[in-house]
Amino acid sequence: MTIPPPVDDADVPRYWRELGLPGLIDVHVHFLPERMQAKVWKYFEDAEAHYGTRWPIAYALPVADRLVILAGLGVRAFPTLPYPHRAGMATWLNDWSAEFAQRDPRVVQSATFYPEPEAPAYVAEALNRGARVFKVHVQVGDFDPRHHLLEPVWARLEETGTPVVIHCGSGPLAGEHTGPGPMTGLLQRYPRLQLVIAHLGMPEYGAFLDLAERYERVHLDTTMFATDFTEQMMPFDPADRSRLSALREKVLLGSDFPNIPYPYAHQLAALHRLDLGEEWLRAVLWENGARLFGVEA
């Protein structure tokens, strides 16, 4: 590649322009209600106790400042990706996310769900209100995605083809229901689910590459993937780079902004140094997300 990677956040627009792109589409961005966001950041402040490593939040800033930063980076579309850790939260989070999406045309209206009797009704309501992507966090929610209360939810989402960004890999901490096993079982029941496997399924990269190869609508997002921070804990096998290259149309830019312990530009530089070519980068940074979310240049 002749285009150099971005050296810092200010250099990011130069990078995507030289790739011939109109900007970036990031499928893994978080905006949460203020009190909930503060609790998430407090958890990361104590990361050494949880993960055995420091995790300083690079963008622990007010909402308005974070929106300005994303604009400066050239992120043209992004979700808010709320997720509940217990029953009774999802409806409130979906209402908050719908209202937040109305404030900024770049926001892809997001919603979530939890295995509870009310889930089919509030998922249907969220779809009717314009939700374009759902978020599920198997480790934080501590539930099996195959839970019987979610059967009508998955059936509805398979029917509508609505993307679901799902954190289901066992990184950074394994849970009772994380890993490829539950997801394999879910896809056997609902093979046309439009799933976006968060963090490329780290650390079980190979098994989630298998699912993306096997199922037409399974995608992978790059959240924290191949960064220096992640490679120290959950390295990617270079032997699988050819598989990642072949899955070019199924890989989507994700960052985990604002909850990342390094500058946004480092995520792009990490993908650049995989050396999979400019065509691969154009697909990952814009084309695949534009197609998934229906974003026009």
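The values are calculated or read from the model by the stated rules, or taken from the named source; none is laboratory data. All of these numbers come straight from a predicted model, not from anything done at the bench. Don't worry about glycine lacking a Cβ; one is built from the backbone with ideal geometry, like all the others, and counts go over all protein chains shown. For the accessible areas, the whole protein counts, side chains as well, though only heavy atoms, and no ligand, DNA or RNA atoms are used. Shrake-Rupley method; radii C 1.70, N 1.55, O 1.52, S 1.80 Å.
Carbon and sulfur together cover what percent of the accessible area of the chain at a 1.4 Å probe radius?
Numbers: 5890 of 11880 Å².
The value for the chain is 50 percent carbon and sulfur by accessible area.
So what is the 222 nm mean residue ellipticity for the chain from helices alone, if each DSSP H run of at least 4 adds -39500 (n - 2.57) and you divide by all residues, rounding to the nearest 500 deg cm²/dmol? Don't skip to the answer; put the middle values down first.
Numbers: 15 runs with 123 residues, N = 297.
Only helices count here, giving -11000 deg cm²/dmol.
Can you pull a Stokes-Einstein diffusion coefficient for the chain at 37 °C (0.692 mPa s), Rh from Kirkwood over Cα pairs, as a whole number of µm²/s?
Details: Rh = 19.1 Å.
My calculation gives 172 µm²/s for D.
Taking the Cα centre of each part, how many Å lie between the range 1-29 and the range 164-222?
27
Binning at 10 Å from 0, report for the range 254-297 what percent of all alpha-carbon pair distances ends up in each bin.
Here the calculated profile for the range 254-297 is 25, 46, 29, 0.
So, by mean Cβ neighbours within 10 angstrom, what's the order for 29-39, 195-205 with the highest one leading? Please report the intermediate quantities before stating the final value.
On the way: 29-39: 16.4, 195-205: 25.6.
By packing density, highest mean first, the sequence is 195-205, 29-39.
Is the shape of the range 166-245 rounded, prolate or oblate, going by the alpha carbon gyration tensor and its root eigenvalues a ≥ b ≥ c, with a/c under 1.5 for rounded and a/b larger than b/c for prolate? Mind showing how you got there, number by number?
Working: a/c = 2.10, a/b = 1.38, b/c = 1.52.
Oblate, since a/c reaches 1.5 and b/c is not below a/b.
How much of the calculated P(r) for the range 1-132 lies past 23 Å, in percent of all Cα pairs? Walk me through the intermediate numbers first.
Values: 3973 of 8646 pairs.
For the range 1-132, the fraction of Cα-Cα distances above 23 Å is 46 percent.
Can you compute the radius of gyration and Dmax for the range 218-297, using only the Cα atoms, both in Å?
Cα-based Rg and Dmax for the range 218-297 come out at 12.4, 37 Å.
Below 8 Å, C-alpha to C-alpha, sequence gap of six or more: please give me the relative contact order for the chain in percent. Before the final figure, lay out the partial values.
On the way: 555 pairs, mean separation 64.5, N = 297.
Relative contact order here is 22 percent.
Given a 1.4 Å probe and heavy atoms of the protein chains only, how would you sort 137, 148, 50, 85, largest accessible area at the top?
Numbers: 137 20, 148 120, 50 65, 85 95 Å².
From most accessible down to least: 148, 85, 50, 137.
Tell me, rounded to the nearest percent, the portion of alpha carbon pairs in the range 124-205 spaced more than 15 Å apart. Don't jump to the answer; show the numbers that get you there.
Working: 1830 of 3321 pairs.
Of all Cα-Cα pairs in the range 124-205, 55 percent lie more than 15 Å apart.
In whole Å and largest first, what semi-axes does the C-alpha gyration tensor of the range 86-142 yield when each eigenvalue is scaled by 5 and square-rooted? It would help to have the intermediate numbers written out before the result.
Numbers: eigenvalues 78, 31, 16 Å².
In descending order, the three semi-axes are 20, 12, 9 Å.
Lysines near residue 250 by alpha-carbon distance under 25 Å, same-chain residues fewer than 8 away left out - which ones?
Here the lysines satisfying the reach criterion relative to residue 250 are 135.
Provide the per residue accessible area, probe 1.4 Å, for the range 178-297, rounded to a whole number of square angstrom.
35
Based on Cβ point charges of +1 for Lys and Arg and -1 for Asp and Glu, what charge dipole magnitude is obtained for the chain about its Cα centre, in debye rounded to the nearest 20?
Values: 27 positive and 38 negative charges, 96 e Å.
Around 460 debye, computed over the chain.
By per-residue mean of other Cβ atoms within 10 Å, what is the highest-first order of 179-185, 249-255? The partial results should precede the final answer.
Numbers: 179-185: 18.0, 249-255: 24.6.
Ranking the peptides 179-185, 249-255 by packing returns 249-255, 179-185.
Modelled label-to-label distance, residue 155 and residue 1, 7 Å Cα→beta-carbon offset: nm?
So the two model labels end up 4.5 nm from each other.
Would you work out which of 101, 88, 121 lies farthest towards the positive end of the dipole of the range 75-128, given +1 charges on the beta-carbon of Lys and Arg and -1 on that of Asp and Glu, about the Cα centre?
Result: 101.
Beyond 23 Å, how much of the Cα-Cα pair distribution for the range 131-267 remains, as a whole percent? Please report the intermediate quantities before stating the final value.
Working: 2736 of 9316 pairs.
Percentage above 23 Å: 29.
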